[in-house]
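Have a look at the structure below, then the notes.
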Amino acid sequence: MTEYNRRISRQINVGGVKVGGGAPISVQSMTNTDTMNFEATLNQVRGLEEAGCDIVRITIPNPDAARCIYHIKNAGVKIPLVADIHFDYRAALSALEAGVDKIRINPGNIGSEDRVKELADAARRKGVPIRIGVNSGSLEKSILAKHGAPTAAALCESAMFHTSLLEKFDFNDIAISIKASSVITTIEANRLLAKTCNYPIHIGVTEAGGEGMGSIKSAIGIGTLLAEGIGDTVRVSLTADPVKEIAAARNILDALGLSEKPRLNIVSCPTCGRTRISLIELLKKLEDAVDAENLRSVPITVALMGCAVNGPGEAREADIGIAGGDGDALLFYKGVTAGKIPQDMIVPRLIEEIKAFRDADI
Ligand code: SF4
């Protein structure tokens, strides 16, 4: 894992997953099933866990829905669960009783101070942290009026307002998120938040869109902040199967060298007039084979380059690579050529090499 100058934050413990205080950056997602459909929700939680999610959030719209938490815990699922609460603080209390690992709630939305105290006391008894989640679309009217728009300063002020309500009752087991659909506002607001407090920060761009554009917006928003050392846990929000969010989040962490464990890294050239091989097709075949053989966790860099003129040199950092030739391909290790292989043997050979690297690494 790359040593970034990460912002020093407090640490919270979400059902065994540490967030903040230098802990590895965790990846979160959220179920989109009807919470009352316990089986569907359980299956989705399991699917997210298998995909590499570290923490899963489930909406708990009323106290009855908290039964879903029992159901999932009783099924033996180990991944920590977060209850997403909007206004009904009784749903938060029920989720705590059901064994939830974190609550996401904004204390300013639940009414009297007595309720906030009851919630803070119950969470403290269970050792369960609370995430305050401020979104550009749901700012308090007074703050919006003061700032005129959901600016970075307005969002940060709102987050600190909700935080102060918990701090009033000596509750500090807190994480904060500030999300906006604007990438720039998200970045600016989190920079400000990072300077304003030392709570761990959950980062993400909200309403980012579908898999394509949503991943790009998230990569810019989340990636910029992480590269500055800001952010302790991430969620990519996509209008897509939540499993896609995990792949996108893991790719962002990989691209920044922030994955807890380095994973397989494929580098490939953009192709040009010199390209001597069907590189686009080859890349797809290699990625499919890597997935079919479950090799994404092998920490090797593999290069696919279109020509032998520039390929081996440009990809000299790769552990292994090929460069396209006429009907064959040059094989190279760390930029040093090691003979030629027929083009139809490229994928089988690279898969063999990746497996050999994995087995030697054990
Ligand atoms: S490696 Fe060769 S084919 Fe690929 S972009 Fe560079 S010059 Fe073009």
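Every number in this text was worked out from the coordinates using simple rules, so none of it is lab data. Computed from a prediction, not measured in an experiment: that's the story for all the values here. Cβ atoms come from the backbone with ideal geometry, glycine included; neighbour counts cover every protein chain shown.
What are the aspartates and glutamates whose alpha-carbon lies under 14 Å from the alpha-carbon of Lys334, with same-chain residues fewer than 8 places away excluded?
Output for Lys334: Glu314, Glu317, Asp319, Glu353.
In Å, what is the Rg of the alpha-carbon atoms in segment 69-176, and how long is Dmax?
Expressed in Å, the Cα Rg and Dmax of segment 69-176 come to 14.7, 48.
Taking just the alpha carbons, could you work out the radius of gyration and Dmax for segment 1-95, both in angstroms?
Final numbers for Rg and Dmax: 14.6, 45 Å.
Using 0.36 nm per residue of separation minus the Cα-Cα distance, give me the extension gain between Asp326 and Ala75 in nm, one decimal.
Here the answer is 84.7 nm.
Sort 314-326, 336-348 for me by packing, meaning the mean count of neighbouring Cβ atoms within 10 Å per residue, highest on top.
314-326, 336-348
Can you give the convex hull volume per residue for the Cα atoms of segment 107-235, as a whole number of Å³?
106
Which aspartates and glutamates have a Cα lying under 17 Å from the Cα of Lys117, excluding residues fewer than 8 positions away in the same chain?
Straight-line reach from Lys117, under 17 Å: Asp88, Glu97, Glu167, Asp170, Asp173.
Based on the Cβ-Cβ distance of Lys195 and Asp344, what FRET efficiency does E = 1/(1 + (r/R0)^6) give at R0 = 41 Å, to the nearest 0.05?
For R0 = 41 Å, the calculated efficiency reads 0.15.
Given a cut-off of 20 Å, name the pairs among Lys73/Lys102; Lys126/Lys179; Lys102/Lys195; Lys217/Lys244; Lys285/Lys355; Lys141/Lys217 whose C-alpha atoms lie farther apart than that in the structure shown.
Flagged as over cut-off: Lys126/Lys179; Lys102/Lys195; Lys141/Lys217.
For segment 265-361, just run the numbers: alpha carbon Rg, then divide by 2.2 N^0.38 Å, N being how many residues it has.
Compactness ratio reported: 0.97.
Going by average Cβ neighbours within 10 Å, how do the peptides 268-278, 90-100 rank, with the highest at the top?
Highest mean packing first, the order is 90-100, 268-278.
Highest mean first, how do 33-42, 116-125 rank when packing is the count of other Cβ atoms within 10 Å averaged over residues?
116-125, 33-42
What share of all Cα pairs of segment 12-255, in percent, falls into each consecutive 10 Å distance bin?
Cα pair-distance distribution for segment 12-255, in percent: 8, 34, 39, 18, 1.
So, in nm, how far is label Arg67 from label Lys334 when the simple model puts each one 7 Å beyond its Cα toward the Cβ?
In this crude label model, Arg67 to Lys334 measures out at 6.2 nm.
Which length gain, in nm to one decimal place, applies between Asp114 and Ile8 when the Cα-Cα distance is subtracted from 0.36 nm times their residue separation?
My answer for the length gained is 34.9 nm.
Can you give me the angle between helix 38-51 and the longest principal axis of the chain, using Cα atoms only, in degrees from 0 to 90, rounded to the nearest 10?
40
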